[in-house]
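Step one of this worksheet: look at the structure below.
The values are calculated or read from the model by the stated rules, or taken from the named source; none is laboratory data. For clarity, every value in this text was computed on a predicted model and none was experimentally measured. Quick reminder, even Gly has a Cβ in these numbers, built from the backbone with ideal geometry, and neighbours come from all protein chains shown. Ligands, DNA and RNA are stripped out before the accessible areas are found, and what is left, the full protein with its side chains, is counted by its heavy atoms. Shrake-Rupley method; radii C 1.70, N 1.55, O 1.52, S 1.80 Å.
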Amino acid sequence: MSNIAEIKVGEQTYQLPLIEGSEGEKAIDIRKLRAVSGLVALDEGFANTGGCSSSITFIDGEKGILHHRGYPIEQVCDHASFLEVCYLLLFDKLPTQQELSEFKSEVSDNVLVPEEIKNFYKAFPRDAHPMALLSSVVCSLSSYYQHEDSNAPDHFRKTAVRLIAKLPTLAAWAYKTSIGEPLVYPDSNLGYTENFLKMMFSVPNKTYQTNTDMAKALDKLFMLHADHEQNCSATTVRVVGSSEANLYASVAAGICALWGPLHGGANQKVLEMLTGIKESGGTIAECLEMAKDKGNSFRLMGFGHRVYKNFDPRARVIKADCEKLLAGSDDPLLKIAKNLCDSALQDQYFIDRKLYPNVDFYSGLIYRAIGIPTDMFTVMFAIGRLPGWISQWKEMMDNPERRIARPRQIYTGATPRDFPPISQRG
Ligand code: SDX
C-alpha cells in the first residue's frame, strides 16, 4: 500500500503522507494540510483525529485489547502492583527488584503534605464534592514547590514521585473532612494502598487493622485505571501542559476533566443509577427504555465507549473480581447490575450501537464493598489515572516537535457589518 494519501477537492488533488503505528494503525498526517490546500479538517470531539503519537498505551476497540508498553492489562493485573505499573508508565521499563524498592522508598518518603494545606479543607463547605477539593489542593502544590522548575528534566522524577505519593493523602483528607473526622497522617510503614485505606478508615481512638483482601482489590483497581491513551482527561493534561504550564497545574486540569459524568464521574453515576432502580422499584426494562429514548437525557451509565466497540477488557477483569469479592453477598445492587448488563447486551439498540459495559460499570460495586462512599469513586479513578497523566505529559514535553495545542475552527457567525449606535438597536 502506498504511503501517500490523495485528497481530491474539485480539480485539485493534494497528497499527504500516510503513517503507520507499531500495531498497524494507519493515519493521514494532516500537519501540512492547510499549507498545501488552504483547507482545515473538522472533527468535533476528535473521534477521528489523533492528537499525538504515543508509545505508552495501546487500545484495540474492536478486539477489546489494552496493553501498557506492550504488556497486556490482564497479565499486568495478575503479576504487578500499582507502583510497579507507575514505574513502567513513567520510565518506559519494568523495574528491577532494586529499582522498585528504591521507587517505593521515594514514594514512602514523600507521603506527607505541607501542613498549611489543611487550611484548604477548612475553607471548603463540608459537603463540597471531593473532586473540587482535590483539583484545588493539587494545583496549590505548585505554590509550595514553585522554586523548582517541575518542567526541568532533572526535576521530573521528584515532581512525579511527589504527586503519586501525596495524592492518596490529599484524597483521604477530603473524605475525612466531609465526615467531620480528624485527618489521619500517612504511615510510611504501610504499603501504598494499605496506607490509603488507613488514612480513609482509621480513627485516633481505635486500633486499625488493614483488610489485605480489600487492599489488594483496590491496588488492582488503581492498576486498571492507570492509563488509557488520549481519553478526555489525558488530552486535557497534554493541552494544558503544551502551554508549558507546570505539571501540578496540568494534573489539576486533568482532575477537573475526569470529574465529568461522561468520563470519570460515570462510576459515581452508575451507583446512583443502580440505587435509583432499587429505591424507585423501577424495572430494568424501564431503565433501558429511558436510555434509548432520545427525548430523555438519561444514558445507561457505565455503558458505551468512544473506542471500545466490544467488552472493555478492564470491565472483564473487574466483573470477575466483583463476582469473587461479592460471592454470597446479598448486595441487591450487584443483582440489579447483573440483570441490567445481561438485558442490555441482548437489546437490539445496544447491540446495533456496540454499547458494552465499560470500566465504570463494575468498579463502583467494589469501591462500595470496600466501604468507599459514592462521591469518592471518581477520586479513586484520579489516584489510579495519575501515573498515566504524568506519563502522557512527560511524553509530550520530551517531544522535540512539541507545539502549543491550538485547534482551528470553521466560523459560522455573522459576516462583517457596521457597528450601530445604541439608539438604533432593536
Ligand atoms: C470513561 O476515553 C476513555 O478512554 C475514557 C475511559 C478512560 O479510561 O479514560 O475509558 C473512562 O470515561 C468510560 C466512559 C464512562 N462514561 C459513561 O459510562 C457514560 C455513559 N456513556 C456514554 O455517555 C457514551 O457512551 C460515551 C460518552 C462514553 C461515549 O460517547 P460517544 O463516543 O460520543 O458516543 P456517542 O454519543 O456518539 O453514541 C453513539 C450512539 C448514540 O446514539 P445514536 O445517536 O447513534 O442513535 O450510542 C448512543 C448515543 O445516544 N449511546 C448511548 C450510550 N452511549 C452511547 N445510549 C444510551 N446509553 C449510553 N450509555
Tally the residues that are among the small types (Gly, Ala, Ser), more than 10 Å from the ligand (Cβ to nearest atom) and open to solvent by less than 20 Å² (accessible area, probe 1.4 Å), restricting the search to the range 294-317. 0
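Table: residues versus (1) open to solvent by less than 30 Å² (accessible area, probe 1.4 Å); (2) in contact with a Pro (Cβ under 7 Å, 6 or more places away or on another chain); (3) farther than 27 Å from LYS216 by Cα.
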{"position": "LEU100", "(1), (2), (3)": "yes, no, no"}
{"position": "GLU106", "(1), (2), (3)": "no, no, no"}
{"position": "LEU112", "(1), (2), (3)": "no, yes, no"}
{"position": "MET131", "(1), (2), (3)": "yes, no, no"}
{"position": "LEU134", "(1), (2), (3)": "yes, no, no"}
{"position": "CYS139", "(1), (2), (3)": "no, no, yes"}
Any chance the range 353-361 includes a residue that's in a helix (DSSP H, G or I), surrounded by fewer than 18 Cβ atoms within 10 Å (Cβ to Cβ) and modelled with pLDDT of 95 or more? no
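Give the residues of the range 46-71 that are touching a residue at least 60 places away in the same chain (Cβ under 8 Å) and open to solvent by 40 Å² or more (accessible area, probe 1.4 Å), sorted by residue number.
So in the range 46-71, the residues touching a residue at least 60 places away in the same chain (Cβ under 8 Å) come out as 46-47, 50-52, 54-59, 61-66, 68.
Matches in the range 46-71: PHE46, ALA47, GLY50, GLY51, CYS52, SER54, SER55, GLU62, LYS63, ILE65.
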Would you be able to say whether some residue in the range 322-338 is in contact with a Phe, Trp or Tyr (Cβ under 9 Å, 6 or more places away or on another chain), within 15 Å of the ligand (Cβ to nearest atom) and in a helix (DSSP H, G or I)? yes
Criterion first (within 21 Å of PHE58 (Cα to Cα), open to solvent by less than 60 Å² (accessible area, probe 1.4 Å) and either under 22 Å from the mean Cα position of the chain (by Cα) or not assigned by TED's automatic domain parsing to the domain that holds MET131 (or both)) does LEU288 satisfy it? no
Within the range 226-244, of all residues that are open to solvent by 40 Å² or more (accessible area, probe 1.4 Å), part of a helix (DSSP H, G or I) and over 22 Å from ASP312 (Cβ atoms), the one nearest to the ligand (Cβ to nearest atom) is VAL239
Is it true that MET396 is under 26 Å from GLN230 (Cβ atoms) and more than 16 Å from the ligand (Cβ to nearest atom)? yes
In the range 143-151, is there at least one residue being modelled with pLDDT of 95 or more and open to solvent by less than 10 Å² (accessible area, probe 1.4 Å)? no
Taking the range 276-316 and keeping residues over 27 Å from ASN48 (Cα atoms) and not in a loop (DSSP other than H, G, I, E, B) leaves GLY276, ILE277, LYS278, GLU279, SER280, ILE284, ALA285, GLU286, CYS287, LEU288, GLU289, MET290
Just checking, does the range 179-186 include any residue being of a type in the set (Phe, Trp, Tyr) and open to solvent by 50 Å² or more (accessible area, probe 1.4 Å)? yes
Among the residues of the range 245-268, count how many are buried (at least 20 other Cβ atoms within 10 Å of the Cβ) and under 20 Å from ALA344 (Cα atoms). 3
Failed condition for GLU272, given (1) open to solvent by less than 70 Å² (accessible area, probe 1.4 Å); (2) in contact with a helix residue (DSSP H, G or I) (Cβ under 7 Å, 6 or more places away or on another chain); (3) within 16 Å of the ligand (Cβ to nearest atom): (1)
What residue, of LYS198, LYS206, LYS220, LYS176, is within 19 Å of the chain's Cα centre (by Cα) and at pLDDT 95 or above? LYS220
